[in-house]
Amino acid sequence: RRARCSLSFCLDTQFSSNSFIYVYFASNNLNKMIVARFNIAASNIAGSQVIVWTDPDSFSLSGNPYHFGGDLLFGPDGSLYLSQGEKSPWNDADIDKPNTAMACVHRFNKDGTIPSGNYVAGKTGVPSAYAQGIRNGFRAAWDFSTNRYFVGSVGGNDQWRSIESIYQVKSGVHYGWPFCEGMCSNSDFSSTCTCSKYSNPIHWYNHKDSNQPTGSNAAMILGYMYRDSMFPSSYNGALFYGDYCRQYIRYHTFDASGNLIVAPNTPTQFTNSIGNTFDTTPGSLISMFPGNDGSLWYTTLDAIYRISYSSSGTTPTPGPTSASVGCAIQGCTYIASNACHCDKDCGTYGDCCSDYNAVCVPTTAPPYTGPKTIDITWAYTVTSVTVTAFVGDTIRWVW
């Protein structure tokens, strides 16, 4: 109810020996969000609960709030980092009160103690507060190669001025919400935002663009920093991100000093960098995470996808504008102008004279029309699948 559920979990850094997991979820008994530890090897897992952190703000704050974030992650220092939200609907006067945790990032040890180094000016009543001013830190990511911590914030609901943002979060910094969104120089917040008090995101984009002058829905979904070898070397150090509403996956790269490399044809009045295209049809994604083999996994509301890369295969060359394709049903061949046809790309499905169980078998090479995405739906009854693909194509397993 109103974003009150299990929102995130992570494994203990010694999980292989202690079987501990840490879960960020709503406690109806306490009327608050909590982080609790469970031993999943225990005979009574629920009975193994140990509360590690309790939200200072109750569910009654500001009138039945929502936007609790959030991502729970271990940092390189062994502490737990939790990105929360502003717990909307909010009162501006409550945001900077010393005993409220609205729009904060929290840092605490896995035994519930508070490590040294936390400091948010004025938050004397919230010792776990590490940074503040982030509207809804729905997803976060650590880059352990550089010890940088990123939080992706979902922007506000005023479409004409709302901003989606990625922050490189540091201790004690105020990132502006609700007094700023996006750059501290944003003229839409000129009456409340000053650059002497609030810090900027490393990446932002407006809900408005040339096609949507009054704004349209958007929801930042931060992924992770790629540090593996399956994808080409150009992806090493790429920060993946996407958008739930606009349905894409993009990525940013950084220079040797850690500064974001601005993509071509930006900045514009709508964004500081458009990013680099990775997947234009992921659906309404809600999370991204790395596979052990270097592949990229992501989830939508109803499926789990895996994107992998292979450098083997034949480099495609332009083919004819039509091709002959034989099907499992005799006499049905692909002709561009014929309504009765097989799937011309010879995928895992076919439409052969309305027989949806037909399987397309190429009798001559299908035309190459450029890189494409091939989705393969997995089921318990599937033991193997054959797919025709070229270098540059994306193959996604769908669960």
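The values are calculated or read from the model by the stated rules, or taken from the named source; none is laboratory data. Fair warning: this is a prediction, and the values are worked out from it, not measured in the lab. Neighbour counts are summed over all protein chains in view; Cβ atoms, including those assigned to glycine, are modelled from backbone coordinates with ideal geometry. With ligands, DNA and RNA removed, areas are computed over all heavy atoms of the protein, side chains included. Shrake-Rupley method; radii C 1.70, N 1.55, O 1.52, S 1.80 Å.
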Residues ILE374 and PHE144, FRET efficiency given R0 of 25 Å [Cβ-Cβ distance, rounded to 0.05]: 0.15
Extension reserve of the GLN247-SER196 stretch, reckoned as 0.36 nm per residue once the Cα distance is removed: 14.8 nm
Cut-off under 5 Å, modelled amide H: who pairs with GLY172 long-range: TYR119, ALA131
Theoretical FRET efficiency, 1/(1+(r/R0)^6), r = Cβ-Cβ of SER185 and SER308, R0 56 Å, to 0.05: 0.85
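How large a share of the accessible area of the stretch 215-304, in percent, is made up of carbon and sulfur atoms when the probe is 1.4 Å and the other protein chains stay in place?
49
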Other-chain or far-sequence residues with amide H under 5 Å of ALA103's (modelled H): GLY85, GLU86, LYS87
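Calculate what fraction, in whole %, of the accessible area of the stretch 103-195 sits on carbon and sulfur atoms when a 1.4 Å probe is rolled over the protein chains.
Details: 1760 of 3380 Å².
Carbon and sulfur atoms account for 52 percent of the accessible area of the stretch 103-195.
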R0 of 22 Å, Cβ-Cβ distance ASN265-GLN212: FRET efficiency to nearest 0.05: 0.80
Relative contact order of the stretch 7-95, pairs being alpha-carbon contacts under 8 Å that are 6 or more residues apart, as %: 22
Whole-Hz ³J(HN,Hα) from phi, Karplus 6.51 cos²θ - 1.76 cosθ + 1.60, for the stretch 144-150, glycine and proline x: 6, 5, 10, 6, 9, 10, 10
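Compare LYS170, LYS32 by solvent-accessible area with a 1.4 Å probe and give them largest first, with all protein chains kept in place.
Numbers: LYS170 115, LYS32 50 Å².
The ranking, largest first, comes out as LYS170, LYS32.
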Integer Hz, Karplus 6.51/-1.76/1.60 couplings in order for the stretch 165-179, x for Gly and Pro: 9, 10, 10, 8, 7, 10, 4, x, 8, 9, 9, x, 5, x, 7
Amide H contacts of TYR66 (H built 1.01 Å from N, under 5 Å, at least 5 apart or other chain): SER88
Listed pairs LYS123/LYS170; LYS110/LYS197; LYS123/LYS208; LYS170/LYS197 exceeding 26 Å between Cα atoms: LYS110/LYS197; LYS123/LYS208
